Amino acid sequence: MRSDMFSQLFLILLLSICCKMSDVVAANSSKCLEDQKMLLLQLRNNLTCDSEISTKLVKWNQRIDCCQWEGVTCNSEGQVIGLDLSAESFSGSINLLANLKFLSIVRLDGNNLSAPIPEFFAELTNLTVLSLSSCNLIGEAPQKIFQVPTLQTIDLSENEMLGGSLPEFPSKGSLQNLVLSDTKFSGSLPESIGNLRKLSRIELRACNFTGPIPSSMENLTQLVLLDFELNSFTGSFPSFKLSKNLTRIYSARNRLTGISSDWQGFENLKYLDLSNNSISGLIPASVFYLPSLSDLVLSNNMFSGQITELQNVISPLTSLELSSNKLEGPIPEFLFELHDLYGLSLSFNKFNGTVQLKKFTNLNKLVSLDLSHNSLSVDTTISESDLALLPQLNSFMLASCNLQNISFLKNQSKLSMLDLSNNQLTGEIPNWLVEINDGLLRFLNLSFNQFMRLQEPYTIGFLMNFLDLHSNLLTGVIPLPPRAAAYIDFSDNNFSSFPPDFGKYLVTARFLSIANNKVIDAPSEPEVEVDEFISRTEIYVSAILGFVVGIGIIFLPLLFSKRWNQSYNRIIDRFILRIFQQQDQERRTSSSIQMRSEMFSQLFLILLLSICCKTSDVVAADSSKCLEDQKMLLLQLRNKLTYYPEISTKLVKWNQRIDCCQWEGVTCNSAGQVIGLDLSAESFSGSINLLANLKFLSIVRLDGNNLSAPIPEFFAELTNLTVLSLSSCNLIGEAPQKIFQVPTLQTIDLSVNEMLGGSLPEFPSKGSLQNLALSYTKFSGSLPESIGNLSKLSRVELRACNFTGPIPSSMENLTQLVLLDFNLNSFTGSFPSFKLSKNLTDIYSARNRLTGISSDWEGFENLKYLDLSNNSISGLIPESLFYLPSLSALFLSNNMFSGQITELQNVISPLESLELSSNKLEGPIPEFLFELHDLYGLSLSFNKFNGTVQLKKFTNLNKLVSLDLSHNSLSVDTNISESDLALLPQLNSFMLASCNLQNISFLKNQSKLSMLDLSNSQLTGEIPNWLVEINDGLLRFLNLSFNQFTHLQEPYTFGFLNFLDLHSNLLTGVIPLPPRAAAYIDFSNNNFSTFPPDFGNYLVTARFLSIANNKVIGGVLPRGSFLELKGMMADPSLTHSRSDILHFESQSVRSVYYQDRVTLSHKGQDNNSADAPSEPEVEEDEFISRTEIYVSAILGFVVGVGIIFLPLLFSKRWSQSYNRTIDRLILRIFQQQNQERRTSSSSVASWKKASGKARGRH
């Protein structure tokens, strides 16, 4: 029996091996059905793709089995079940996929479909994965796709023009991953979302969802990631107590008002971001006891009170952001025990007391610290030994911290951002401060101090992007700004002169202020100070009064004395007689003389009266006294507001002893009633409801404050209201429609309130509205046709709202329009002609869903700026655009314009910037473009332009700064004489990817390059060292990928590159040390073999690094390379990055065997990194070779075993002999065991008997 059992088990094992082998063989030998191949080939022929970018479609070969094609997966019957064409950058129709009925997995991310989602996807009965992210999808997503029973993953993210809403979900749905981020999906989440019991990941970032988060979601036990950021969810955030697997919660920038006080049980939660809401109350103490929590972001809420002093905190926090709340009291001591902390932000609260700098020596991993704008004093007294223990910070923000000295900063060698504003620091700015970190400091704010000069000699580092020295006492020559600076503020000092070549240092500047200095050679109009204005007013009033008194002494007797009047008339008669005697000999009668004299007297008296009236007006204007009730209301308002005295320039100066009409920001009428209030940029918070009692208000400007409330409805009841400006006030809720209907209203500005929603009402006829600014809000719906009633409308700014539908045709009647900004909405249809709007100067309507424009643009004499990019506009580019006499900027990129651009003559448009990239334009580049002598920016990339372009032609465009010819079918002929080479414009950006370059020596003459792209140009040999060092090391962007470079010419220095891409070349040897300032580094797909020492020390500012697919030998990444990788924090301004992406520590790198990859991972995605050893990557060739080994081994085993076992199946004699042999073998094995078992059985029986007796006695 046992031998039979053994034989059967062995045969079962053999059969299972055979079945497994057959599966492997079948998987490798399945042959594509002919109809499937034909469908795929037809699909490819219907698509337009760039063969230089494609890595899949370009390899589809009709002679090869389609199941072996890149991106195609088949089942055992040769039917296509999977299609992955992601990142192929194709365009065209995909409707042929409807015929691939067996499709289960469809991945088409990163292509340009420019169409609605086809409905046939809902009819694929086997569909499990549908991934269409970044496909430029438009229209409404069909709801029934979400209801496909087999669907497990749907990803429609990064389609900004795609709208829709979620349907009711069926019970027991299969959906596991729901990804809709960065789309225009709207509405509320259905309660039935709780039916999706397998749901693991929900990513709804930057959509337009509203309403509460459904309570049914608390039943979803499989949740791992929730991303609700940048929506308009309201109410309290659910507790999710059953979602024990949650690792990440992102719900920032909503309208949430509360959270649970109990966060126990979230054992796996690593990241919690609830910032930028309106959550009030105390911060729950339980969040500090979550065992996995590394990032807690609660900034920009309304949390209040003190943070409880806690003991034995276990959360391994690496980032803690509590800024912009109402927290108070001292900084709790337990924060200084969070030894893993690398980011701490406590700014803009009410923390008080003194903080010892020494305490931060405990936080040796700290990289970013912000204590600004509290009521704190930082005691910088510290010993030399403790100073050496302070963490090396990348960002150090100490504004308004009552600093006494800054010598402790000398030890900070890695600073990138430093804020010391408003600290009453005096004397000279030390040169070591502006040169800190070897010139790699990027942000420096020293404003609102009392510095008097800069210590000579000084050099402001090349990489300084932000420099603020305003409101000090600096004198002498204005400093030369950093060459890389975007923001420069030298205002409110005592500078007296400009340095030579000042303007040449402003190439990258976006903001520059030198206001309120004492520059004597400045060409601008002199500013009049308030004291000077008062003194001038006194002089004018005194002079007028003196004149009136003097004239009055003579003229008053004339009015009341007949004798004086008669004598006066006789004198005037004689005077007039002498004047007119020669001119009017024929009219000498006394009557005519009398008439003239009376007329002269009357005119003189009228002049006198007008002077008196004017004098009374001036006196009244300067003597209007604020009514007591108005003053009391203003003082009550100030007392209800919370503001920072060090920031305030108006409220802080309101003095009860001074007439309130003289207060900063207050304007009164002659009756002493407050008619204007300007408290913009005061950074206050609190209620403004008291303004309802200032009934005469006409102008209200409260921009740049933190109201954190809905718009009060009383504004609609102010009958004199002409200007209401509430931009950047953190407004929430729905805007009252009746405010827009106030008859006197001329300007309303509610812009930059991301949590403010609403829609536009019907406008009355003959409305007064001139300026309508709602940009960067959540206003939605369609524009009413009655907007055409606003005949005085001059400026319409609706950028980045959620408006939909066509632009009303009635707007074509608005004759006073000057500016239209419809960018970043979902407007559809054709753009109106606006033929009557002759005053239009600026039109912005990019990133909508427009499909057409007028072909006739004649008559727009004043139009300077036209941006219709990122729409779906098709057809030819209108010729008339190039004949507009004022047009300086034309942006039509990312549309569907096609055909050739007509060759034009006598073009008159003074174009400075022309962007036509990412269209379907073809033919040669028209010659007239080389005659646009004012052009400084030209972008023609990603089209179908063809032919050869002579580099010499660009010598005509001597103002050109930016040129992009990449990714066409062009060849750039770089043969050029030395004399013409000298005439080429000095470019800042030169993009020549896929331009079939023969050599790059012409670039030696380019001394101002900041961005250079030579990718995919078949360049060979060595990368010359002069190329990477061009522009004295100020090159910021360099892309040399997809070439055939073999090495870098020694010696070389990368300078201050931010972006360096060398991937897909033939580079060998040691991986280059990256630029110290680089954020993006790609060395992948080369033949590098080793790491240099201290590799990680060069990655302080890196956000992305890839070294995949090289030939590094030695097995283990060098430990020293990771000592500084903990500083690789993600930039919080980037949409998809997170601060915990690359958080490395040297002790976590233990035998990390070579994975050939250290890459940035987006939130929620799992990628390989040094501190998270993952399964090694298996390349395709390696996979094939391993499959061959496994199959060979299995075949060998089966043949060997088969030689023995097959005769047993077919020969009775062999079977009987085999059974006898097995019987003897098993008998010997079990004989001794049976003997032992008998002994054991008797022992057990004795034990049971004994134990039974014992139980009986018990």
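The values are calculated or read from the model by the stated rules, or taken from the named source; none is laboratory data. Owing to the predicted nature of the structure, the values given are computational and were not obtained by experimental measurement. Because the Cβ atoms are built from the backbone with ideal geometry, glycine has one as well, and the counts that use them run over all protein chains shown. For accessibility, only protein heavy atoms count, side chains too; no ligands or nucleic acids. Shrake-Rupley method; radii C 1.70, N 1.55, O 1.52, S 1.80 Å.
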Contour minus Cα-Cα distance for Leu387 and Ala889 (0.36 nm per residue): 175.3 nm
C-alpha center-to-center spacing [the range 284-328, the range 840-886] in angstrom: 51
Cβ crowding within 10 Å averaged over residues, with 997-1003, 311-317, 718-724 ranked highest first: 718-724, 997-1003, 311-317
Equivalent ellipsoid dimensions for the range 637-768 as semi-axes, Å, which come from the Cα gyration tensor, largest first: 25, 19, 11
Bins of 5 Å, starting at 0 and running to the largest distance - Cα pair percent for the range 623-709: 3, 15, 28, 28, 18, 7, 2, 0
Distance in nm between pseudo-label sites at Gln424 and Ser76 (7 Å out along the Cβ direction from Cα): 8.4
Using distinct alpha-carbon pairs, which all enter the 1/r mean, Kirkwood radius of the range 791-949 in Å: 16.0
Modelled label reach - Leu904, point 7 Å along Cα→Cβ, the range 929-954 residues with backbone N closer than 19 Å: 929-941, 945
Kirkwood-Stokes translational diffusion coefficient of the range 402-486, alpha-carbon pairs, 4 °C, 1.567 mPa s, µm²/s: 101
At 1.002 mPa s and 20 °C, Stokes diffusion of the range 319-386 via Kirkwood alpha-carbon radius, µm² per second: 174
Theoretical FRET efficiency, 1/(1+(r/R0)^6), r = Cβ-Cβ of Ser413 and Asp973, R0 30 Å, to 0.05: 0.05
Largest-first principal axis extents of the Cα set of the range 233-300 (Å): 27, 21, 19
Extension gain from Glu328 to Lys244, taking 0.36 nm per residue of separation minus the Cα-Cα distance: 27.0 nm
Rounded to the nearest 20 debye, dipole of the range 391-476 from Cβ charges on Lys, Arg, Asp, Glu: 120
Zero-based 10 Å bins, Cα pair distances in the range 192-250, whole percents: 24, 60, 16
Estimated D of the range 904-944 in µm² per second, where Rh is the Kirkwood radius over Cα pairs and Stokes-Einstein applies at 25 °C, 0.890 mPa s: 223
Pair Ser782, Leu480: separation of 7 Å Cα→Cβ label points (nm): 6.0
Estimated distance in nm for a label pair at Phe102 and Lys172, the labels positioned 7 Å out from Cα along Cα-to-Cβ: 2.7
Cβ-defined net charge surrounding Glu754, 9 Å radius [Lys, Arg +1; Asp, Glu -1]: +2
Accessible area of Lys953 in the full protein assembly, 1.4 Å probe (Å², nearest 10): 60
The range 703-793: projected area of the alpha-carbon convex hull, averaged over directions, in nm²: 5.1
Geometric extent, Cα atoms of the range 116-155 - Rg, Dmax (angstrom): 9.7, 26
